[in-house]
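The values are calculated or read from the model by the stated rules, or taken from the named source; none is laboratory data. The structure displayed is predicted, hence computed values, not measured ones. All Cβ positions, even for glycine, are placed from backbone atoms using ideal geometry, and neighbour counts span all protein chains on display. We work out accessible area using only protein heavy atoms, side chains counted, and drop any ligands, DNA or RNA first. Shrake-Rupley method; radii C 1.70, N 1.55, O 1.52, S 1.80 Å.
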Amino acid sequence: MEKKLPIGVLASGSGSNLQSIIDHIEQGRLDADIRVVISNNPDAYAITRAQKHGIPFVIVRHQEFPDREAFDRQMAEILISCGVELVVMAGFMRVLSPLFLKTFPQRVINIHPALLPSFPGLHGQRQAFEYGVKFSGCTVHFADDGVDSGPIIIQAVVPVLETDTEDTLAERILREEHRIYPQAIQFYAEGRIEIHNRQVRIRGLKESASQVLHNPPLEGF
Ligand code: GAR
């Protein structure tokens with residue numbers, strides 16, 4: 001049997017991305033093993049999801065630490081003791097310190113609900129909706145010292161429809177998050193990801209140059 005990639009998931013909220021990762025693993029479509037789920041929020045539904053699937057979880061309350069480094073050090077110790085190779089931020093609403101990132105160089109990934117580098121930070125879906133873009137989407141990227149700024153692994157493009165509200169757009173983006181996050185982790189598990197400066201390349205892709213999207217659709221042009 002192939003080796004499973006040991007991952008640790010950091011989550012602060014509902015954990016629907018965590019659920020998607022769990023489901024893909026249980027369906028045998030993602031060669032990963034969730035060694036631990038860490039949350040800074042004791043009320044996070046992500047914790048309940050971990051519990052339901054018998055996945056170890058730890059609550060680390062950031063308020064109980066004197067500074068960000070001390071909080072991050074505690075999380076890093078837990079992740080290392082669980083043998084985690086890839087750290088997966090799934091709706092984790094804390095910025096990681098350089099100290100944490102040095103502990104896991106190019107081994108921390110994040111998902112963001114917008115087409116980065118547009119609309120980083122909080123409420124990416126709302127920012128895009130209010131700006132009036134015709135396409136938004138979601139992005140999985142390596143974490144770096146900035147906010148949502150590291151090298152991009154995969155993106156999904158979601159059209160903004162005239163009938164959309166912020167909520168309907170956010171729902172459609174979330175559905176794509178649930179597809180691209182397991183895919184990104186699987187690329188990593190298969191050892192197919194290479195990083196050259198900011199460019200991430202995936203070995204063995206079947207690419208197509210004909211995937212151009214228009215919104216609104218072209219009428220005869
Ligand atoms: C997701 O939409 C994720 O992209 C976003 O938080 C949500 C978590 O949902 N993350 C960020 O905005 C990070 N900048 P979930 O808890 O149901 O997975």
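What are the residues in region 118-131 that are of a type outside the set (D, E, K, R) and either open to solvent by 50 Å² or more (accessible area, probe 1.4 Å) or near the ligand (Cβ under 10 Å from one of its atoms) (or both), if any? Walk me through how you get there before you give the answer.
Step one: of region 118-131, the residues of a type outside the set (D, E, K, R) are 118-125, 127-129, 131.
Selection gives Ser118, Phe119, Pro120, Gly121, Leu122, His123, Gly124, Gln125, Gln127, Phe129, Tyr131.
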### Task
Evaluate region 136-144: report whether one residue or more is within 14 Å of the ligand (Cβ to nearest atom), among the polar types (S, T, N, Q), over 16 Å from Val9 (Cα atoms) and in contact (Cβ under 8 Å) with a residue 12 or more places away in the chain.
yes
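Can you confirm whether Gln183 is open to solvent by 50 Å² or more (accessible area, probe 1.4 Å), in contact (Cβ under 8 Å) with a residue 24 or more places away in the chain, away from the ligand (no atom under 13 Å from the Cβ) and polar (S, T, N, Q)? Steps first, answer last, please.
On the way: open to solvent by 50 Å² or more (accessible area, probe 1.4 Å): yes; in contact (Cβ under 8 Å) with a residue 24 or more places away in the chain: yes; away from the ligand (no atom under 13 Å from the Cβ): yes; polar (S, T, N, Q): yes.
Answer is yes for this residue.
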### Query
Which of the residues that make up region 132-178 are closer than 24 Å to Arg192 by Cα, assigned to a strand (DSSP E or B) and open to solvent by less than 30 Å² (accessible area, probe 1.4 Å)?
Gly137, Cys138, Thr139, Val140, His141, Phe142, Ile153, Ala156
### Query
Which residue pairs have Cβ atoms under 6 Å apart, sit 6 or more places apart or on different chains, and have a first residue in region 80-91 that is within 16 Å of Ser149 (Cα to Cα) and a second that is hydrophobic (A, V, I, L, M, F, W, C) and in a helix (DSSP H, G or I)?
Ala90/Leu18
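Which one of Asp31, Asp43 is under 18 Å from the mean Cα position of the chain (by Cα) and of a type in the set (Asp, Glu)? Spell out how you get there, then give the answer.
Numbers: Asp43 fails: under 18 Å from the mean Cα position of the chain (by Cα).
That would be Asp31, the only listed residue that is under 18 Å from the mean Cα position of the chain (by Cα) and of a type in the set (Asp, Glu).
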### Query
When region 68-101 is examined, which residues are found to be at positive phi and β-branched (Val, Ile, Thr)?
none
### Message
From the list Val95, Val84, exactly one residue is modelled with pLDDT under 95, touching a Gly at 6+ places or on another chain (Cβ under 9 Å) and not aromatic (Phe, Trp, Tyr). Which is it?
### Response
Val95
### Task
Within region 24-41, track down each residue that is open to solvent by less than 50 Å² (accessible area, probe 1.4 Å) and either small (Gly, Ala, Ser) or assigned to a helix (DSSP H, G or I) (or both).
His24, Ile25, Ala32, Ser39
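Scan region 47-61 and give yes if some residue there is within 19 Å of Thr139 (Cβ to Cβ) and within 12 Å of the ligand (Cβ to nearest atom), otherwise no. Reasoning before the result, please.
Of region 47-61, the ones within 19 Å of Thr139 (Cβ to Cβ) are none.
Among the residues of region 47-61, not one is within 19 Å of Thr139 (Cβ to Cβ) and within 12 Å of the ligand (Cβ to nearest atom), which makes the answer no.
I'm trying to understand the selection: among the residues of region 1-23, which are more than 9 Å from the ligand (Cβ to nearest atom) and either among the hydrophobic types (A, V, I, L, M, F, W, C) or in a loop (DSSP other than H, G, I, E, B) (or both)?
Applying the first criterion (more than 9 Å from the ligand (Cβ to nearest atom)) to region 1-23 yields 1-10, 21-23.
Residues satisfying the conditions are Met1, Glu2, Lys3, Lys4, Leu5, Ile7, Val9, Leu10, Ile21, Ile22.
Please specify each residue of region 83-108 satisfying the condition of being open to solvent by 40 Å² or more (accessible area, probe 1.4 Å), part of a loop (DSSP other than H, G, I, E, B) and over 23 Å from Gly121 (Cα atoms). Working first, answer last.
Keep residues of region 83-108 that are open to solvent by 40 Å² or more (accessible area, probe 1.4 Å), which gives 85, 93-95, 98-99, 102-103, 105-107.
Filter again for part of a loop (DSSP other than H, G, I, E, B), leaving 85, 93-95, 105-107.
Across region 83-108, the qualifying residue is only Glu85.
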